[in-house]
Protein chains: 2
Amino acid sequence: MSGGEKSLYCPASQLTHPDLISLTVGEGAKGSRDFLDRFIFSRFKGSSLAERLDAGSITCDSTQLAFTTDSFVVDPYFFPGGDIGKLAVCGTLNDLCMVGALPRWISLSLILEEGFACSHLAIILDSVCHWSERATVEVVCGDTKVIPKGKMDGIFINTSGIGVRSPIGNLFTEPIAEGDVIIVSGPIGSHGMAVMAARTPGLVENPIESDCGLLLPVLRALIENDIPVKAMRDATRGGVAAVLHEWARQFGISLSIEEPHIPVRDDVRGLTELLGLDPLFVANEGTMVLIVSDKDRETTLAAMQSVPISQQAVVIGKVVSRRHVPVSMIRGIGREVAVHEPTGALLPRIC
Amino acid sequence: MSGGEKSLYCPASQLTHPDLISLTVGEGAKGSRDFLDRFIFSRFKGSSLAERLDAGSITCDSTQLAFTTDSFVVDPYFFPGGDIGKLAVCGTLNDLCMVGALPRWISLSLILEEGFACSHLAIILDSVCHWSERATVEVVCGDTKVIPKGKMDGIFINTSGIGVRSPIGNLFTEPIAEGDVIIVSGPIGSHGMAVMAARTPGLVENPIESDCGLLLPVLRALIENDIPVKAMRDATRGGVAAVLHEWARQFGISLSIEEPHIPVRDDVRGLTELLGLDPLFVANEGTMVLIVSDKDRETTLAAMQSVPISQQAVVIGKVVSRRHVPVSMIRGIGREVAVHEPTGALLPRIC
């Protein structure tokens with residue numbers, strides 16, 4: 001350290017522990033939000049972090065870039081429909097897509113436990129390679145750390161991604177209004193249930209396949225068809241419920257969804273019922289939610305349904321006049337109930 | 001997963017384990033190089049990864065950007081002279097500086113063990129904030145994951161950084177030639193020994209301070225003084241010896257250093273001798289090595305010595321005619337010995 005600098009060194013023995021980090025902090029729900037308010041936004045003021053989007057914005061010459069980062073710690077690291085390598089590429093690229101950026105460059109940082117099987121690593125890296133090639137993004141830089149055996153569990157991967165935001169077609173140009181429709185790109189809750197089933201042998205008879213996948217083709221279809229998307233998010237940690245609550249808060253609106261229209265695969269529904277979970281709160285890794293004007297409902301559905309990953313896109317609800325309850329759901333029998341905000345402690349190490 | 005995609009899913013039970021990841025893979029020496037050849041470069045061909053630099057290059061409009069990533073896992077996460085937060089900012093920004101890029105944007109991804117003390121996290125984040133402000137870089141995006149207690153150790157931080165590479169003054173414009181001088185920016189080996197001492201209570205009487213720091217002021221001084229730097233690297237994992245060996249291989253040259261000129265602090269030398277280590281192989285986190293023409297020796301030293309972090313910059317050797325031994329060292333008594341390439345298993349979790 002050069003002279004005159006303030007040392008922030010503090011021996012551990014001099015620190016008190018008034019409170020401790022809990023699992024809820026990492027689960028993309030209210031626990032995460034409180035954590036971010038307390039620890040992050042209070043410090044990094046004026047940064048595009050404060051926009052709370054999936055990716056931050058940076059300007060290079062006249063080009064708007066998006067920059068995002070995500071660490072993946074999923075347990076187990078192989079699951080039906082994907083692995084941590086596919087997840088790390090698709091998850092980070094999806095975050096770029098959700099701010100309307102076309103992904104271009106990605107970094108790859110591995111943290112490995114000593115004794116990790118090279119054969120497993122080879123499969124995971126093949127997956128990184130395969131999915132970055134499919135998305136035509138370049139893996140530009142990387143890093144590898146190895147942790148002594150027992151001091152971590154298996155493999156963690158960080159991918160950070162850069163995308164080009166302009167031209168962004170007709171995205172985010174129109175304000176959200178009452179009567180706008182909420183569309184989901186496909187059946188929900190499958191990633192969370194796939195991981196739970198893979199983690200717990202014997203829990204279900206047949207493997208449940210994750211929706212883990214790349215949303216870039218959906219973004220391309222929306223841009224090519226000039227769809228005026230008003231808002232879009234991939235429904236990862238905290239599930240669709242977390243996205244709807246975030247929008248209610250961000251835009252000062254209320255949202256109402258209709259339970260019979262919410263697509264859930266039978267195997268996923270079976271496991272959520274067994275575990276006493278609601279699919280609305282379960283993580284997805286290749287499923288997005290978006291808001292468009294009711295007049296654009298059909299063109300949006302047609303554009304999305306032309307792409308394999310969103311061929312089951314469907315309207316699940318609409319923006320309603322602002323109420324005391326930010327998110328509500330109409331059940332099959334017509335009764336409307338509040339959808340509470342996910343509060344965390346849902347499923348650790350889901351992504 | 002949408003229809004027709006090749007599934008890379010492989011149940012763990014069907015995998016064999018011919019070999020396992022060892023600690024040497026993560027230590028920036030020969031073990032790391034072999035790992036990269038086998039696992040990374042074989043897959044990501046044609047990417048700027050293959051240039052094996054501290055940061056990859058990307059082109060945005062007419063601007064050359066540099067992109068780098070690093071995960072930090074140092075144990076302990078507080079050490080004299082810094083903490084994992086300072087290290088994560090300075091380490092990533094230094095990587096950008098070493099390719100001649102001025103750092104602009106950074107990401108911040110936290111992986112925390114359940115039960116991690118919030119008070120410790122606050123100090124670490126203050127440190128991230130302080131050092132990113134000092135470098136005038138913006139923390140653009142972030143992520144937080146929490147791992148169940150016992151499944152990891154404390155805190156890991158990934159920072160990825162983007163810098164602007166042009167204009168880069170007079171850097172990397174001239175080829176390396178026999179007679180060029182090798183300069184080190186300050187005393188070597190202090191980060192590794194600081195961490196070792198902090199990890200092992202009672203090992204030394206007085207704390208050893210790490211060199212952990214920001215090399216950006218040195219880069220600025222080199223650019224402002226139009227110094228034709230031929231090569232530069234921060235001497236992190238594997239120490240100065242790893243940098244010299246990398247250059248020997250990369251440029252097809254041999255390098256000779258003089259032991260009496262190599263700066264090592266007394267407390268650092270004392271501990272290396274106690275542990276039977278050579279300071280040349282010990283990690284630094286705010287110390288760089290560079291090559292300039294002999295004719296630029298004095299202007300380079302003057303530019304570097306005007307900056308606090310490199311005020312003890314000194315010539316330690318020169319480029320010599322190519323020999324069988326890529327890196328050699330002249331001892332005090334005039335005898336020249338080979339400096340072997342670090343092979344790993346040096347110090348786990350040093351950064």
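The values are calculated or read from the model by the stated rules, or taken from the named source; none is laboratory data. All values reported here derive from a predicted model rather than from experimental measurement. Cβ atoms come from the backbone with ideal geometry, glycine included; neighbour counts cover every protein chain shown.
Pairs are defined by a Cβ separation below 6 Å, a sequence spacing of at least 6 or placement on different chains, a first member in segment A:299-315 that is touching a residue at least 40 places away in the same chain (Cβ under 8 Å) and surrounded by fewer than 22 Cβ atoms within 10 Å (Cβ to Cβ), and a second member that is part of a loop (DSSP other than H, G, I, E, B) and small (G, A, S); the pairs so defined are A:L301/A:A313; A:P308/B:S2; A:P308/B:G3; A:Q312/A:G186. Scoring B:D143 on the criteria (1) closer than 20 Å to B:M232 by Cβ; (2) facing chain A (nearest Cβ under 7 Å); (3) acidic (D, E) leaves a single failure, condition (1).
Can you name the residue in segment A:108-130 that is of a type in the set (V, I, T) and within 7 Å of chain B (Cβ to nearest Cβ) and, of all such residues, is farthest from the chain's Cα centre (by Cα)? Even if it seems obvious, please write down each step before you answer.
As a first pass, look at segment A:108-130 and keep what is of a type in the set (V, I, T): A:111, A:123-124, A:128.
Subset that is within 7 Å of chain B (Cβ to nearest Cβ): A:111, A:123.
Values: A:I111: 21, A:I123: 23 Å.
By that ranking, first place goes to A:I123.
If we keep just the residues of segment B:146-167 that are modelled with pLDDT under 95 and touching a helix residue (DSSP H, G or I) at 6+ places or on another chain (Cβ under 7 Å), which is farthest from the other protein chains (Cβ to nearest Cβ)? Going through the qualifying residues, I end up with B:P148. Can you confirm whether segment B:204-218 contains a residue that is surrounded by fewer than 19 Cβ atoms within 10 Å (Cβ to Cβ) and of a type in the set (G, A, S)? No.
The rows are residues; the columns are (1) in contact with a helix residue (DSSP H, G or I) (Cβ under 8 Å, 6 or more places away or on another chain); (2) more than 30 Å from A:G150 (Cβ to Cβ); (3) in the same structural domain as B:N206 (by TED's automatic domain parsing); (4) small (G, A, S).
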| position | (1), (2), (3), (4) |
| --- | --- |
| B:L280 | yes, yes, yes, no |
| B:D296 | no, yes, yes, no |
| B:Q312 | yes, yes, yes, no |
| B:G317 | yes, yes, yes, yes |
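Mind checking which residues of segment A:25-61 are more than 18 Å from A:I162 (Cα to Cα), hydrophobic (A, V, I, L, M, F, W, C), facing chain B (nearest Cβ under 9 Å) and touching a residue at least 24 places away in the same chain (Cβ under 8 Å)? Once the filter is applied, which keeps residues that are more than 18 Å from A:I162 (Cα to Cα), hydrophobic (A, V, I, L, M, F, W, C), facing chain B (nearest Cβ under 9 Å) and touching a residue at least 24 places away in the same chain (Cβ under 8 Å), segment A:25-61 yields only A:V25.
Restricted to segment A:108-161, and to residues that are basic (K, R) and not in a strand (DSSP E or B), which residue is surrounded by the fewest Cβ atoms within 10 Å (Cβ to Cβ)?
As a first pass, look at segment A:108-161 and keep what is basic (K, R): A:134, A:145, A:149, A:151.
Right, trim to not in a strand (DSSP E or B) and you get A:134, A:149, A:151.
Details: A:R134: 16, A:K149: 14, A:K151: 17.
Step by step, filter segment A:108-161, then rank; the result is A:K149.
Here B:A221, B:A197 are screened, and the one residue that is over 18 Å from the mean Cα position of the chain (by Cα), modelled with pLDDT of 95 or more, among the hydrophobic types (A, V, I, L, M, F, W, C) and buried (at least 21 other Cβ atoms within 10 Å of the Cβ) is B:A197. When B:G332 is tested against (1) at pLDDT below 95; (2) in a helix (DSSP H, G or I), just one condition goes unmet, and that condition is (2).
Identify the residue in segment B:1-24 that is modelled with pLDDT of 75 or more and touching a helix residue (DSSP H, G or I) at 6+ places or on another chain (Cβ under 6 Å) and, among all such residues, is farthest from the other protein chains (Cβ to nearest Cβ). Give the steps one after another, and end with the answer.
If we filter segment B:1-24 for residues that are modelled with pLDDT of 75 or more, which is where we start, we get B:19-24.
Keeping just the survivors that are touching a helix residue (DSSP H, G or I) at 6+ places or on another chain (Cβ under 6 Å) gives B:19, B:24.
Working: B:D19: 5, B:T24: 8 Å.
For segment B:1-24, the residue satisfying everything is B:T24.
Taken together, the criteria exclude A:A231 from residues that are surrounded by fewer than 24 Cβ atoms within 10 Å (Cβ to Cβ), within 14 Å of chain B (Cβ to nearest Cβ) and under 18 Å from A:E298 (Cα atoms). Do we find a residue being over 29 Å from B:N206 (Cβ atoms) and more than 7 Å from every other protein chain (Cβ to nearest Cβ) anywhere in segment B:67-90? No, segment B:67-90 contains no residue that is over 29 Å from B:N206 (Cβ atoms) and more than 7 Å from every other protein chain (Cβ to nearest Cβ). Filtered by the rule that a residue be under 14 Å from B:V195 (Cα atoms) and crowded, with 22+ Cβ neighbours inside 10 Å, segment B:252-271 gives B:V268, B:L271. Of everything listed in (1) outside the structural domain of B:E285 (by TED's automatic domain parsing); (2) modelled with pLDDT of 95 or more, the single unmet condition for B:H261 is (1).
Tally up the residues in segment B:91-107 that are at the interface with chain A (Cβ under 7 Å from one of its Cβ atoms) and either surrounded by fewer than 24 Cβ atoms within 10 Å (Cβ to Cβ) or of a type in the set (A, V, I, L, M, F, W, C) (or both), please. Show your work before the answer.
So the first thing to find is which residues in segment B:91-107 are at the interface with chain A (Cβ under 7 Å from one of its Cβ atoms), and the list is B:105, B:107.
So of that shortlist, the ones also either surrounded by fewer than 24 Cβ atoms within 10 Å (Cβ to Cβ) or of a type in the set (A, V, I, L, M, F, W, C) (or both) come out as B:105.
Selection size over segment B:91-107: 1.
Filtered by the rule that a residue be modelled with pLDDT under 90, surrounded by 22 or more Cβ atoms within 10 Å (Cβ to Cβ) and among the aliphatic types (A, V, I, L, M), segment A:41-79 gives a lone residue, A:A55.
For segment B:262-298, filtering for residues that are farther than 16 Å from B:L347 by Cβ, among the hydrophobic types (A, V, I, L, M, F, W, C) and in contact with a Ser or Thr (Cβ under 7 Å, 6 or more places away or on another chain) leaves 2.
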